[in-house]
1. LEU331 to SER107: FRET efficiency via 1/(1 + (r/R0)^6), r the Cβ-Cβ distance, R0 45 Å, to the nearest 0.05?
2. Could you check the simple spin-label distance between TYR179 and ASN212, using points 7 Å along Cα→Cβ, in nm with one decimal?
3. Pop the C-beta distance of LYS227 and GLN189 into the FRET formula with R0 = 35 Å and round what comes out to the nearest 0.05.
4. Under the rule a/c < 1.5 gives rounded, and otherwise a/b versus b/c splits prolate from oblate, where does the range 68-126 land using the Cα gyration tensor?
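A short reminder: the numbers here are calculations on the coordinates, not readings from a lab. Given the structure is predicted, the values throughout are model-derived calculations rather than measurements. Cβ placement follows ideal geometry from the backbone for every residue including glycine, while neighbour counts extend to all protein chains displayed.
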Amino acid sequence: MQPGRRRQPGLGVMLLFYQIFGVIGYENIPPVTLGTIALQVAIFLRIFKLPWSKLSHVCVSAYNVWTKKEYSRLIYAAFEHADDWHLYYNMLSFVIKGRTLERRFGSIKFAYIIAVFTVLTNIVLVTLNAITMKHLNFNDQCAVGFSGVIFALKVLTTYYNSNYTNYIMGIPIMVPARYAVWVELFLIQLFVPNASFYGHLAGVLVGMAYANGPLKYIMDFVYSFVKVVFSPTATVRFTPIAEPSGYATRRDRRGLYSDYVPQGMSEEEQVRRAMEESMREESVHSSVPPNYSSSFDSYVPPPPPPGFVFDEPRTSSPPPPPGFIPDIDELRNRRQAHFMK
């Protein structure tokens with residue numbers, strides 16, 4: 001809206017608190033959406049010191065940005081509001097769209113989208129102002145508010161959710177989703193003449209450029225590049241032990257040979273120890289390998305698996321379990337006893 005009216009904190013802010021805490025529930029609002037609302041309420045109430053004192057110091061226009069080169073207005077203007085009702089309607093509209101889109105994109109990417117849309121919307125607003133001033137002799141407009149970003153998010157909401165109930169100025173109106181944002185744009189301008197038409201139109205254009213144009217591919221490319229550089233999900237490592245190498249993240253190390261078998265044993269003893277511990281772990285589903293002594297005298301062998309008993313001579317034995325390798329010494333003794341009968 002135009003920053004001409006005097007700010008009067010009051011009923012609008014109280015109604016916003018009631019909607020967030022009493023109706024919607026702050027626990028039902030994703031963190032980035034809730035944090036963005038809290039930031040704008042804090043700015044409006046002047047809870048902390050700001051780099052500006054008046055709306056005219058941050059409102060965005062072609063003269064202030066293009067001529068005076070005050071580029072900080074491209075960011076500051078979006079988080080300032082003309083009065084408490086302007087703040088109330090913007091934040092109530094934003095929370096509806098933010099709950100849907102933040103759950104779809106994730107909090108980090110949603111914050112990235114808001115940051116980019118904030119700057120791009122005001123850049124498009126300045127461009128529209130400059131074009132109409134030059135070719136149509138329109139007056140320059142200086143605007144503040146989050147409305148442009150909200151209109152861009154509304155385009156995304158209707159684009160990704162075809163069953164989205166279209167609320168226009170808080171009223172459910174049954175129109176095709178792709179036309180809802182245009183209907184709301186003209187209805188707001190009809191009922192609120194001092195609203196920033198260029199700011200809302202800029203938001204619609206940015207949203208359409210993301211939903212149907214090249215903006216999404218550019219933003220996704222930048223986001224994926226930054227994510228890999230600053231927050232890699234996997235790192236390359238070389239490991240000399242016998243395990244799969246390459247991109248390693250959090251892995252379960254229960255299958256490592258060195259976790260089961262202490263050093264200093266003979267090859268046959270190591271094979272037997274690893275085999276027995278593998279079967280023991282599968283039976284008890286333990287994730288921590290037992291601590292064994294490297295001394296052979298302190299070793300107490302576990303009971304053999306069912307159906308494969310070495311102590312009792314049998315005329316026929318059931319087949320061993322899949323993957324089970326019998327002890328070499330025991331096989332040699334049994335073969336020698338068989339020929340001595």
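1. 0.15
2. So the label points at TYR179 and ASN212 sit 1.4 nm apart.
3. Efficiency for this residue pair is about 0.35.
4. It comes out oblate by the Cα gyration axes.
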